[in-house]
Amino acid sequence: MSNFAFGTYRISDINPQHIQALKEAIESGITMIDTSSNYMDGGAERAIATAFRELDEDKRDEIEIISKFGYIQGANLKAYKENPLRIRNSDEIVKYSEECYHSISKSFMRDELKASLERLEMQKIDCYLIHNPEYYIFDAINRGISKDERLDEMYRRVQNAFVGLEEEVKSGTIGSYGISSNSFSLEQSDDEFLPYEDLITLAENAAEIAGNKTHSFTTIELPINILEREGLKCASWAKKSGLRVLANRPLNAKYNNMMFRLADYDESRDYYHHLNELMEVCDNEKLRPLYNLLEQLDATKHKYGWIGDYDVFLFTQIIPHLKKTLEKVDEENSETMLIFIDLFLTEYRKMVAFECSKKTREQLKEFFKECNSTMQECVIRFLMQQESIDYILVGMRKPTYIHEILSLKK
């Protein structure tokens, strides 16, 4: 049966609830925390450091910290891949290509490792992963490089990074290393698939170059869930090769080019109260744009494909609109309005999640026809039954999430 690990993708050091959740997880028996230099711009690593300050040394030694490097520049390359027209000239293409190269270079890795150790307030990271190195492949595809050429170059770069990681193992700054890749979960025929069967050989070569007797490549991390099962092939190979497997994204799944949140949510009890309260406040000429926005939001709360669509819409459309409207309000009244708006948006998101979960149940009914509990429980139990998975990484931003997840092991 798989163990659970604390995933820190959306954990921030400025949120006291997140710090408390980390402490609660440790007290409840969680022994692995997965993070990255990229998560919340380093805030996740700082949150771990804050939670660890109250632990005695023996307790800290029981917790394995896994962090990652290499994804910061990669995020830019993904944007380029999805919208190449935003790159206006050849100089920018060269810049993005160079960023892709350096994201898994030894020098970049060492800079990132140093920064992570400082944020974590540690002398050593137990396991250090290359984070989505396939962004080089995305870039190479856009530049028209043949499959054989780009894979040869990909292997060369991975081995170069492995050499640097072997050297860090030798110096004692990391305990072991591995790769976290979304492309491990793709079909082998997919152009963006990252082949994994030669990684052990690359690690052995790297260990020899670094002067180590044996390699310290121990871990792979990849998305596996009830919808995305292709990654189980990679997981099976990994176990046969003596590696451990960490499954991420258990509840956020891709299927038929769509994203789904595999969880049931309750309908908000307070939504209409806060909606009507805010609309009453906005029922005047000065705040008419906000009044109209509220009407539109209420009418479209059931139209989002998944909760992630709303989160993007919130930051790109709703918040800018709110800021523009509140510029017309004096400071004192603006602060009062923000309280009303915050209460409304909190309940609105619950309603969107509720509406999305209803649609997900209907669209994926074949996957959940034998599910007699919540979707999230069925999804987690599916992963727990996979012998090739060692750890399931779950976001546990609230103490209640921790107890809900850990109760499944009883």
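Miscellaneous remarks
- Exactly one residue out of Phe138, Phe162 is more than 19 Å from Ser241 (Cα to Cα) and under 24 Å from the mean Cα position of the chain (by Cα), and it is Phe138.
- When Asn256 is tested against the conditions (1) open to solvent by 10 Å² or more (accessible area, probe 1.4 Å); (2) under 24 Å from Lys359 (Cβ atoms); (3) touching a residue at least 60 places away in the same chain (Cβ under 8 Å), the lone failure is (3).
- Residue match in the range 41-54 (condition: modelled with pLDDT of 90 or more, of a type outside the set (Lys, Arg) and out of contact with any helix residue (DSSP H, G or I) (no Cβ under 8 Å at 6 or more places or on another chain)): yes
- Every condition in (1) loosely packed, with under 13 Cβ neighbours inside 10 Å; (2) more than 30 Å from Leu338 (Cβ to Cβ); (3) not aliphatic (A, V, I, L, M) is met by Tyr272 except one, and the failing one is (2).
- Criterion violated by Ser36 - all others in (1) within 22 Å of Val245 (Cα to Cα); (2) of a type in the set (Ser, Thr, Tyr); (3) assigned to a helix (DSSP H, G or I) satisfied: (3)
- Some residue of the range 185-197 being free of Cβ contacts under 8 Å to residues at least 24 places away in the same chain, open to solvent by less than 50 Å² (accessible area, probe 1.4 Å) and not aromatic (Phe, Trp, Tyr): no
- Residue under evaluation Ala235, criteria (1) more than 27 Å from Thr8 (Cα to Cα); (2) buried (at least 23 other Cβ atoms within 10 Å of the Cβ), criterion not met: (1)
- The residue that is least open to solvent (accessible area, probe 1.4 Å), among those in the range 27-54 that are among the charged types (D, E, K, R) and more than 13 Å from the chain's Cα centre (by Cα), is Glu45.
- The lone criterion from (1) part of a helix (DSSP H, G or I); (2) among the aliphatic types (A, V, I, L, M); (3) over 28 Å from Gln376 (Cβ atoms) left unmet by Val329 is number (1).
- Of the residues Val379, Val352, Val329, the single one that is open to solvent by less than 70 Å² (accessible area, probe 1.4 Å), among the hydrophobic types (A, V, I, L, M, F, W, C), in contact (Cβ under 8 Å) with a residue 40 or more places away in the chain and closer than 24 Å to Glu285 by Cα is Val329.
- Ile220 meets each of the listed conditions (1) of a type in the set (Val, Ile, Thr); (2) surrounded by fewer than 21 Cβ atoms within 10 Å (Cβ to Cβ); (3) in contact (Cβ under 8 Å) with a residue 40 or more places away in the chain apart from (2).
- Glu24 vs. criteria out of contact with any helix residue (DSSP H, G or I) (no Cβ under 9 Å at 6 or more places or on another chain) and surrounded by 14 or more Cβ atoms within 10 Å (Cβ to Cβ): no
- Test result for Asp152, surrounded by 18 or more Cβ atoms within 10 Å (Cβ to Cβ) and farther than 23 Å from Thr35 by Cα: no
- Of residues in the range 276-302 being outside any helix (DSSP H, G or I) and free of Cβ contacts under 8 Å to residues at least 12 places away in the same chain, the one surrounded by the fewest Cβ atoms within 10 Å (Cβ to Cβ): Glu285
The values are calculated or read from the model by the stated rules, or taken from the named source; none is laboratory data. Everything numeric in this text was worked out from a predicted model, so none of it was measured. Counting neighbours? That spans all protein chains shown, and the Cβs are built from the backbone with ideal geometry, glycine included. Keep in mind that these areas ignore ligands, DNA and RNA; they rest on the heavy atoms of the full protein, side chains included. Shrake-Rupley method; radii C 1.70, N 1.55, O 1.52, S 1.80 Å.
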